[in-house]
Amino acid sequence: MEKVDERIPGIDLPLMSVSQTRGVVRRRELTDAPQRAESLDAYKVCRRNDIVFNKMSIRAGAMGVAAEDGLVTYHYEVMRTREGTDPNFIAYLMKSSWFTEELIKRERGIGAGDQANVRTTEVPFSVLKTIDAHIPSYAEQRAIADYLDRETARIDTLIEEQQRLIAMLHERHRATVEDAVSTVATSGARLKHIVRSVRQGWSPQCYAWPADGVDTWAVLKTGAANGGRFRPMENKELPEDESPRPTAVVMRGDLIVSRANTRDLVGSAAVVDGDFPRLMLPDKLYAFSLDTRRADPRFVAAVLGSRRWRALIELEATGASQSMLNISQSDIVNLPMQLPPLHKQQRIVARLDDETAKIDTLIAETEQFIELARERRSALITAAVTGQIDVREAA
């Protein structure tokens, strides 16, 4: 391989992005958000059959072979195969677990290795050059790449089918919740009338891995409230040299609401359903303590997750970027919340638990199936590129 850094001001080529699942594709196929740079003159040119990878996400498999000429940002490295080397084989080799292990040995850059404040590991071409790999003959490279194209396509199709099933199950779940809270009015009393107190945390630099929040201090991630379900393991462990803040610890029954997130997730609400004495709030999550004589926190979370309230939340959310919107504490507490009597709220929540339990079980089982399929895909790639299987016999 050789590194390529070609820049041609004024050249008319499509802007490309690298996806973990789809490889190198036109950026507009992945997002409709406007490009950040006003000019593309400083962008790198990638040519058809060049290998492009994201230096920040290489370990996650963010790489692929360009199907056409295009432009990529400075976050990407562009490599070109020398004569007698198949780019598709090299791309599969770089996606293998063997290659990832070799990268880990050579990590450098921000948050590399055992540094405490892990942010991102950058892997430049100068690191890749130090990896020794067995490259078979060109004919065998092509045979391996063709075999993996066929087999991974089958697995990817199966995964896509399961993902569609999950989407249908989530829609069924939402429809059940919508029906349950349909009688709640979008006028009258406000959420602030049932709020006793509001807390907010802070976001120090933490380890990349999660902690249990019981014996070890940790700070929640923004996604801990996504989907209306509290996810305590969506956290990062607090470094030993950072002093914890006990006042930011979440409490059983807290209504957790996302202050900053994408448009479809900002304002996501969930209820803390356990005791986590060392699990703290970040600055992007609010914790509302409700008057439980008048409101069931789980019912309120269901209301906030319904389409009508989602529309109100998105209307109030502000931000310069569609990828990160904010909603203020004032806007949240002033949302309409005309609740039925407490006993009726509790009855609705009990019915919701019963009706959604089976749906949630199916979703969990399907997600586990997808994870196994992805593990199978990864193992197959590693086995093929390292010679553990003979692709001619497998075919």
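Can you name the residue in the range 178-218 that is assigned to a helix (DSSP H, G or I) and more than 22 Å from A287 (Cβ to Cβ) and, of all such residues, is most open to solvent (accessible area, probe 1.4 Å)? Even if it seems obvious, please write down each step before you answer.
First, pick out the residues of the range 178-218 that are assigned to a helix (DSSP H, G or I): 178-180, 191-194.
Next cut, more than 22 Å from A287 (Cβ to Cβ) only: 178-180.
Values: E178: 40, D179: 98, A180: 6 Å².
So the residue we want is D179.
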Can you say whether G305 is at positive phi and touching a strand residue (DSSP E or B) at 6+ places or on another chain (Cβ under 8 Å), as far as the supplied structure shows?
no
Among the residues that make up the range 309-316, is at least one of them of a type in the set (K, R) and surrounded by 15 or more Cβ atoms within 10 Å (Cβ to Cβ)?
yes
For A311, are the conditions met, namely being free of Cβ contacts under 8 Å to residues at least 12 places away in the same chain and aliphatic (A, V, I, L, M)?
yes
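Yes or no, residue by residue, for (1) among the basic types (K, R); (2) in contact with a Ser or Thr (Cβ under 8 Å, 6 or more places away or on another chain); (3) without any contact (Cβ under 8 Å) to a residue 60 or more places away in the chain:
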| position | (1), (2), (3) |
| --- | --- |
| S187 | no, no, no |
| R196 | yes, yes, no |
| W217 | no, no, no |
| G228 | no, yes, no |
| P232 | no, no, yes |
| R245 | yes, no, yes |
| M251 | no, yes, yes |
Residues of the range 95-113 satisfying the condition of being at pLDDT below 90 and either in a loop (DSSP other than H, G, I, E, B) or acidic (D, E) (or both):
E101, E102, R106, E107, R108, G109, I110, G111, A112, G113
For the range 228-267, what are the residues that are over 16 Å from G201 (Cβ atoms), open to solvent by less than 70 Å² (accessible area, probe 1.4 Å) and modelled with pLDDT under 95?
G228, T262, L265, V266, G267
Identify all residues within the range 143-197 that are farther than 30 Å from R294 by Cβ and either in contact with a strand residue (DSSP E or B) (Cβ under 7 Å, 6 or more places away or on another chain) or of a type in the set (D, E) (or both); write none if there are none.
D146, D149, E151, D156, E160, E161, E171
Any chance G223 is on the phi > 0 side of the Ramachandran plot and open to solvent by less than 50 Å² (accessible area, probe 1.4 Å)
no
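Of the residues Q388, Q346, Q368, only one is at pLDDT 90 or above, open to solvent by 50 Å² or more (accessible area, probe 1.4 Å) and part of a loop (DSSP other than H, G, I, E, B); which?
Numbers: Q346 fails: part of a loop (DSSP other than H, G, I, E, B); Q368 fails: part of a loop (DSSP other than H, G, I, E, B).
Only one candidate qualifies: Q388.
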Those residues of the range 259-308 which are more than 15 Å from K192 (Cα to Cα), in a helix (DSSP H, G or I) and touching a Ser or Thr at 6+ places or on another chain (Cβ under 9 Å) amount to R308
Out of I389, I381, I370, I need the residue that is touching a Lys or Arg at 6+ places or on another chain (Cβ under 7 Å), closer than 30 Å to L93 by Cβ and not acidic (D, E). Which one?
I381
Need pairs with beta-carbon distance below 6 Å; first residue farther than 17 Å from L304 by Cα and within the range 343-361, second modelled with pLDDT of 90 or more and open to solvent by 60 Å² or more (accessible area, probe 1.4 Å); sequence gap 6+ or separate chains.
I359/R172
Taking the range 192-215 and keeping residues of a type in the set (S, T, Y) and at pLDDT 95 or above leaves S197
The lone exception for L238 - which of (1) hydrophobic (A, V, I, L, M, F, W, C); (2) free of Cβ contacts under 8 Å to residues at least 60 places away in the same chain; (3) closer than 30 Å to L342 by Cα it fails:
(3)
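Can you name the residue in the range 141-162 that is of a type in the set (S, T, N, Q) and surrounded by 13 or more Cβ atoms within 10 Å (Cβ to Cβ) and, of all such residues, is farthest from P87 (Cα to Cα)? Lay out the reasoning, then the answer.
Here is the first cut: in the range 141-162, the ones of a type in the set (S, T, N, Q) are 141, 152, 157, 162.
From the residues that got through so far, the ones that are surrounded by 13 or more Cβ atoms within 10 Å (Cβ to Cβ) too are 141, 152, 162.
Working: Q141: 9, T152: 17, Q162: 30 Å.
Among residues in the range 141-162 that are of a type in the set (S, T, N, Q) and surrounded by 13 or more Cβ atoms within 10 Å (Cβ to Cβ), the one farthest from P87 (Cα to Cα) is Q162.
The values are calculated or read from the model by the stated rules, or taken from the named source; none is laboratory data. It should be emphasised that the depicted structure is a prediction, and the values quoted were computed from it without experimental measurement. Cβ coordinates were reconstructed from backbone atoms using ideal geometry, including for glycine residues, and neighbour counts include every protein chain displayed. Areas reflect the complete protein model, heavy atoms only, side chains present, ligands, DNA and RNA absent. Shrake-Rupley method; radii C 1.70, N 1.55, O 1.52, S 1.80 Å.
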